[in-house]
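Take a look at the structure set out below.
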Amino acid sequence: MEKLQVAIEKARSQRQKAGNPRPATEPVVKPVKPTDESLRERWKDLTQIDVPESALSRNRLVASADGPAAGPFDMLRTRILQQARSREWKRVALVSPHSACGKSTAAANLAFSFGRQSDLRTIVLDLDLRRSGLRKILSQHCQHTMADVLRGDVPFSKHAQRLGENVALGLNGSTVRNAAEVLQSTKAGEVLDSLQAGFEPDLMLFDMPPLMEVDDNFGFLGNVDCALLLIEAERTTIDQIDVAERQLSELTNVMGVVLNKAHYTEGAYGYGY
Ligand SMILES: Nc1ncnc2c1ncn2[C@@H]1O[C@H](COP(=O)(O)OP(=O)(O)OP(=O)(O)O)[C@@H](O)[C@H]1O
Ligand SMILES: [Mg+2]
């Protein structure tokens, strides 16, 4: 217990060093690093999942296997990683101005891309608690939701599902009604700190609901280091991008903007990919 508290404090102070404005609420204690072996065991103990072939093609999981089709997501992974490392950011929210820009599809593809980065541990959480989108895209079942985890009712170690060796997923087995209240609770922030301390991910990705449609993001984004704004080609308007960027910049750092569903990418990734 004491070890966990120590690790939580370490995670918090690292995040504050990275420029996050969230204040510390717990006493400072001397950091103790868990042994590599116990960390490895904790990851190994997570339930491993397989994504069925049928879901890979049906749900545009183009990054599930290494190759040209995975190129754009591998490129996005690398750009995220470069920025995160240079700024010591560890928590990245995927947001969009309106729905259906492709956040959950991107989160699922990035889970595969980060999985190929075998020297990294990545956690991908579906915090669009109203839709269970990521679980459906990956064609999984689970008993609980991330709301159960964020309320402290179910430990992440019991709920999480492991994709390959080094990616842990937090999905939603059903939809949650009071999503905004759960996401903006103090408890949710504490649970994220303990999860970060217990699993030591190099990166945490959060699949969020759309900014314009619900208030869930506004209460939660103080818990992340930055947000990546996904927009949809031929649908998202300049005004929507402008408003979203302004709203985001009041809540967290804006890592960048990703144009999704663009038709004209031929040659953009070099070597004819
Ligand atoms: N790059 C892409 N090209 C074409 N279609 C895409 C692309 N990315 C996602 N889609 C499709 O767009 C639809 C919405 O995708 P997705 O559910 O990932 O969006 P979302 O932003 O998570 O939506 P929501 O805000 O409702 O959670 C899906 O049918 C998905 O297959
Ligand atoms: Mg979604």
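The values are calculated or read from the model by the stated rules, or taken from the named source; none is laboratory data. Quick caveat: nothing in here was measured; it's all calculated off a predicted structure. Cβ atoms come from the backbone with ideal geometry, glycine included; neighbour counts cover every protein chain shown.
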What is the residue count in the stretch 144-163 for residues that are within 21 Å of residue 122 (Cβ to Cβ), in a helix (DSSP H, G or I) and out of contact with any Gly (no Cβ under 8 Å at 6 or more places or on another chain)?
2
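The rows are residues; the columns are (1) polar (S, T, N, Q); (2) at pLDDT below 95; (3) within 23 Å of the chain's Cα centre (by Cα); (4) assigned to a strand (DSSP E or B).
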{"residue": "206", "(1), (2), (3), (4)": "no, no, yes, yes"}
{"residue": "217", "(1), (2), (3), (4)": "yes, no, yes, no"}
{"residue": "227", "(1), (2), (3), (4)": "no, no, yes, yes"}
{"residue": "230", "(1), (2), (3), (4)": "no, no, yes, yes"}
{"residue": "244", "(1), (2), (3), (4)": "no, no, yes, no"}
{"residue": "248", "(1), (2), (3), (4)": "no, no, yes, no"}
{"residue": "256", "(1), (2), (3), (4)": "no, no, yes, yes"}
{"residue": "259", "(1), (2), (3), (4)": "no, no, yes, yes"}
{"residue": "266", "(1), (2), (3), (4)": "no, yes, no, no"}
Residue check, residue 192 against (1) more than 14 Å from the chain's Cα centre (by Cα); (2) of a type outside the set (Lys, Arg); (3) more than 15 Å from ligand 2 (Cβ to nearest atom), all met but one. Which one?
(1)
(1) within 13 Å of ligand 1 (Cβ to nearest atom); (2) within 27 Å of residue 193 (Cα to Cα); (3) part of a helix (DSSP H, G or I) all hold for residue 86 apart from (1)
Selection count, the stretch 86-98, where residues are over 16 Å from the mean Cα position of the chain (by Cα) and either within 16 Å of ligand 2 (Cβ to nearest atom) or surrounded by 24 or more Cβ atoms within 10 Å (Cβ to Cβ) (or both)
2
Those residues of the stretch 67-105 which are among the small types (Gly, Ala, Ser) and within 26 Å of residue 235 (Cα to Cα), in sequence order
69, 70, 71, 93, 96, 99, 100, 102, 104
The condition of being touching a strand residue (DSSP E or B) at 6+ places or on another chain (Cβ under 6 Å) and not aliphatic (A, V, I, L, M) holds, among 170, 152, 164, 133, only for 170
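Name the one entry in 138, 134, 127, 120 that is in contact (Cβ under 8 Å) with a residue 60 or more places away in the chain, away from ligand 1 (no atom under 15 Å from the Cβ) and of a type outside the set (S, T, N, Q).
120
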In the stretch 139-179, what count of residues is obtained for those that are under 21 Å from residue 251 (Cβ atoms) and either surrounded by fewer than 18 Cβ atoms within 10 Å (Cβ to Cβ) or not aliphatic (A, V, I, L, M) (or both)?
1
Determine which single condition residue 141 fails, assuming it passes every other condition in (1) part of a loop (DSSP other than H, G, I, E, B); (2) closer than 25 Å to residue 36 by Cβ.
(2)
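Is it the case, given these coordinates, that residue 56 is of a type in the set (A, V, I, L, M, F, W, C), closer than 30 Å to residue 100 by Cβ and assigned to a helix (DSSP H, G or I)?
In short, yes.
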Residue by residue through the stretch 99-108, note down the ones that are crowded, with 23+ Cβ neighbours inside 10 Å, among the hydrophobic types (A, V, I, L, M, F, W, C) and within 6 Å of ligand 1 (Cβ to nearest atom).
101
Please give the number of the condition residue 205 fails out of (1) out of contact with any Phe, Trp or Tyr (no Cβ under 7 Å at 6 or more places or on another chain); (2) over 21 Å from residue 39 (Cβ atoms); (3) of a type in the set (A, V, I, L, M, F, W, C); (4) within 16 Å of ligand 1 (Cβ to nearest atom).
(2)
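Conditions (1) surrounded by fewer than 22 Cβ atoms within 10 Å (Cβ to Cβ); (2) under 13 Å from the mean Cα position of the chain (by Cα); (3) among the charged types (D, E, K, R); (4) within 25 Å of residue 157 (Cβ to Cβ), marked per residue:
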site	(1), (2), (3), (4)
47	yes, no, no, yes
59	yes, no, no, no
73	no, no, no, no
77	no, yes, yes, no
110	no, yes, no, yes
115	yes, no, no, yes
122	no, yes, no, yes
125	no, yes, no, yes
132	yes, no, no, yes
